[in-house]
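Right, one structure below, let's go through it.
Every read-out reported here was derived from the displayed coordinates using simple, explicitly stated rules and does not represent laboratory data. None of these values were measured; they are calculated from a predicted model. Note that each Cβ is placed from the backbone with ideal geometry, even for glycine, and that neighbours are counted across all protein chains shown.
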Amino acid sequence: MPAPESEFRSDLAKTPLAEVLETVRRYRVPGVITVTRQGMEKRIFVWHGDVIFATSSDRFDSLGHYLLKCGMMSEDQFVESSRRLIASAGTKRLGDILIEMRLMDAARLRAIVLEQVTAIVSELFEWDEGEVTFKVGEYRTDELIKLSIPSRHLIHQGVKGIRDVRRLVSILGPSWTVFVPAYSAAEIGDVGLTPSEAAYLGLVDGLKTLRELVSAGPGEAAHNAKLVYAFYVLKLVVRRETGAGRIKKLQWKSAGSGYRPGE
């Protein structure tokens, strides 16, 4: 008798995708993260901490539309590949047909699917509402092009792409919040930090406040705040509170322009 599956539910309004994905990565169990919103469903397949595939019910996320949008396929090729896919009656995947049409080889197909999967997951970091389900257990992967994308790298890149920083700052805490480093150099190789980001991480010393950190980073304050949030979610830094008297709260310019430290 097979073991029962475990299922966990949450809501993006309470727990952003970055935190969901990091929790799943930390426990290193295989399963599927399903995110639904307004009738749309996206699924992230996870295997021992890595993302191996992602799917979307939005047809514009499909491989064919992705190739068309990126200029890697003409309209005529799109129509012909779609015709062949329908004619196969489910016996072939679009990737197989693209190879048959000599539009690409297997190595190129894998590279493109990697880009497509990354794009599907990255969009979810922008969602601030939606139901999240993580189902633990084995699943069929024989029909998937199995990738191996480090979840921490996806989290880092996904957080940097978030446009509205206000929610992230509210999670980090007030401007006087202090962060303490909680990593070793050997533990951050899969995050994919740039040299300037690694240097910025080194500024977290248990003394600087959030206000001071976002003022000292490699980019504008909003960009720096996203980096601090990524560090926090990835457990590279941990938070501790200090006295609030000498620091004012962060103040926002507008919804579209980020924020500036309190004056």
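Values computed for the structure shown
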{"item": "Check: the chain dipole with +1 on Lys, Arg Cβ and -1 on Asp, Glu Cβ, in debye", "result": "680"}
{"item": "Computed over the chain: relative contact order in percent, which uses C-alpha pairs under 8 Å that are six or more apart", "result": "21"}
{"item": "Helix runs (DSSP H) in the chain reaching 24 Å along axis by Cα, Kyte-Doolittle at least -1.0", "result": "106-124"}
{"item": "FRET efficiency for SER74 and ASP190, using Cβ-Cβ distance with R0 set to 25 Å, rounded to 0.05", "result": "0.10"}
{"item": "Cα pair distances in region 87-127, grouped into 10 Å bins until the bin that holds the longest one, percent each", "result": "26, 38, 27, 8"}
{"item": "Förster radius 35 Å - calculated FRET efficiency between LYS208 and HIS65, Cβ distance, rounded to 0.05", "result": "0.20"}
{"item": "Leading residue at positive end of dipole, the chain (Cβ point charges), from LEU68, LEU168, VAL113", "result": "LEU168"}
{"item": "Largest to smallest principal axis extent of the C-alpha atoms in the chain, angstrom", "result": "70, 50, 38"}
{"item": "Unit Cα scatterers, Debye sum, region 16-117: log10 I(q)/I(0) for q = 0.14 Å⁻¹", "result": "-0.65"}
{"item": "CD proxy at 222 nm, helix term only [per DSSP H run n ≥ 4: -39500 (n - 2.57); per residue of the chain; nearest 500]", "result": "-11500 deg cm²/dmol"}
{"item": "Compactness of region 66-151, expressed as Rg and Dmax over alpha-carbon positions, Å", "result": "15.3, 41"}
{"item": "Extension reserve of the ILE86-GLU100 stretch, reckoned as 0.36 nm per residue once the Cα distance is removed", "result": "3.6 nm"}
